[in-house]
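All remarks here apply to the structure that follows.
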Ligand SMILES: [Zn+2]
């Protein structure tokens, strides 16, 4: 056979393999929205969310800035707005964190926990005027409920309260016990709230079948090439460690600097760190996530994802380019603070960079430290651990929960029941949540808010003009209703 014929045959075989694998790379499950309608008083629900936002339950880094009245006010509001809940469930308080127990009829079943937090982050001073509606107004305008906490996480808290309230009104009696927990200090680590709830459960030998906390949303238009909503149910959260990289040199007057100053040494080290990120790629959870999502992508992208044996390296490079997908693949490196000399004409002895790492479940705190030391290796560079935000030397990533469990299945079917054919995929939470505590007493810990959110809206999360679409909020309440009902029946 002539060489070009051989090449032609090989090419044809290869193309056939690539295309046929892509043709088989389709969404796994097709479920239609449940015809059973849940009828809610939409106006009342939306105004409840709006009212909850009006309490400025801000978590500050320092205790003395705290507005205790706002927290008390919020709790009184909950007890008055959800009286039925207070008649049927028992409440235990851990500081200002509220733990409710809805006793199930079958005590042999492991309970579940549905949770959120009602503290919020402050509004960045000076940005108040950029808000289209005042941040604690709870104004309902243009189809949105506006204000700090609309996404993070009063919609979660009020959504859960409304769902339980609805089920109680329907006379629903759970078989499996349900805990509801509403944290007051999630934004500053949850050490006096969720941590104590977890300790309490542990002390009483209560192991949860699973927990559902805030997390990702139903993402609208986030993933290139995917036209449907993507419900990323986070099954793990990243850890965090913060290191100081110190460049060292002789001090003295700036009129006679050495060839390399402490600042120059540090700059070299930081450049090396940015150019040598920790290893990352499609495996384990990241693989499960992108394998599910890519089944809804364009045919060209399907060819890539269905043929990872050939295009694996290309896909890794492609996903590493975008900050959001890169964060799913690896431990990220983020230099955030710099300091050196205190005067313009004085050479620093030390130039210090603070670098924050968000640790992927595949790495440990020690792995990060070792990696950094290896990369910046130089006798003029020192790597120091840093105790930031009470995490000690660092916080490991969480355990990875199962995406084949009953709990995950219930979340998936509730979301599909309300929203129809959306993409449901296991995801990785790149920020932290109270589940770092709850995960210790739960077989599986999930992190997901059942509200559709656009990319533009997401900028309000910890940012300016935080708001939630009122219709999305109502749909989310329905997911909570279906979930609690199914999971505890
Ligand atoms: Zn939050």
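We did not get these values from a lab; they are worked out from the coordinates using the rules stated. Just so we're clear, the structure is a prediction, and the values are computed from it rather than from any experiment. Using ideal geometry, Cβ is built from the backbone for each residue, glycine included, and neighbour counts are taken over all protein chains shown.
Taking the Cα atoms of the stretch 348-489, report the difference between the largest and smallest coordinate on each principal axis, in whole Å and largest first.
If we take the Cα atoms of the stretch 348-489, the spans are 62, 37, 26 Å.
Arranged from highest to lowest average of other beta-carbon atoms within 10 Å per residue, in what order do the peptides 313-322, 77-86, 227-236 appear?
227-236, 77-86, 313-322
Give, in nm to one decimal, the length gained when the segment between residue 456 and residue 314 is fully stretched (0.36 nm per residue of separation minus the Cα-Cα distance).
Result for the pair: 48.3 nm of gain on full extension.
Just grab the label-to-label distance for residue 253 and residue 108, each label 7 Å out from Cα along the Cβ direction, in nm (one decimal).
8.7
Would you mind computing, in nm to one decimal, how far apart the modelled labels at residue 377 and residue 279 are, each placed 7 Å from Cα along Cα→Cβ?
The two pseudo-label positions are separated by 1.7 nm.
Using a ≥ b ≥ c from the Cα gyration tensor of the chain (square roots of the eigenvalues), is it rounded, prolate or oblate, where a/c under 1.5 gives rounded and otherwise the larger of a/b and b/c decides, a/b for prolate? List each step's numbers first, then the result.
Details: a/c = 1.92, a/b = 1.17, b/c = 1.63.
It comes out oblate by the Cα gyration axes.
Relative contact order (percent) for the stretch 108-255, with alpha-carbon contacts under 8 angstrom and 6 or more residues of separation?
Values: 155 pairs, mean separation 45.1, N = 148.
Relative contact order, the stretch 108-255: 30 percent.
Over the stretch 239-386, what is the relative contact order in percent, taking alpha-carbon pairs closer than 8 angstrom and at least six residues apart?
Values: 235 pairs, mean separation 66.8, N = 148.
So the answer I get is 45 percent.
Expressed in nm to one decimal, what extension gain is obtained for the pair residue 62 and residue 39 from 0.36 nm per residue of sequence separation less their Cα-Cα distance?
3.9 nm
When a/c is below 1.5 the answer is rounded, else prolate if a/b is larger than b/c, else oblate, so apply that to the stretch 405-489 with a ≥ b ≥ c taken from the square roots of the Cα gyration tensor eigenvalues.
oblate
What's the FRET efficiency of residue 300 with residue 471 using the Cβ-Cβ distance as r and R₀ = 30 Å, to the nearest 0.05?
E between residue 300 and residue 471, to the nearest 0.05, is 0.35.
Below 8 Å between Cα atoms, with a sequence gap of 6+, how large is the relative contact order for the chain in percent?
Dividing the mean separation by the residue count of the chain yields 25 percent.
What ranking of 399, 467, 308 emerges when the number of other C-beta atoms within 10 Å of each C-beta is taken as an exposure proxy, fewest first?
399, 308, 467
With the crude spin-label approximation of a point 7 Å out along Cα→Cβ, what separation in nm comes out for residue 72 versus residue 87?
Those two pseudo-labels are separated by 2.8 nm.
Using helices alone, what [θ] at 222 nm do you get for the chain, with -39,500 (n - 2.57) per DSSP H run of 4 or more residues, divided over all residues and rounded to the nearest 500? Walk me through the numbers before you get to the answer.
Values: 16 runs with 187 residues, N = 489.
Taken over the chain, the calculation gives -12000 deg cm²/dmol.
So what's the stretch 163-278 giving for Cα Rg divided by 2.2 N^0.38 Å, two decimals?
1.90
When the chain is fully extended, how far beyond the present Cα-Cα distance does residue 489 get from residue 79, taking 0.36 nm per residue of separation?
Between residue 489 and residue 79, full extension yields 145.0 nm more.
Just to verify a number: FRET efficiency for residue 337 and residue 137, C-beta to C-beta distance, R0 = 30 Å, to 0.05? Write out the running numbers ahead of the final one.
Working: r = 34 Å, r/R0 = 1.12.
Computed FRET efficiency for residue 337 and residue 137: 0.35.
Which whole-angstrom value gives the distance between the alpha carbon centres of the stretch 145-198 and the stretch 431-485?
11
Of all DSSP beta bridges located in the chain, what percent are antiparallel, nearest 5?
65
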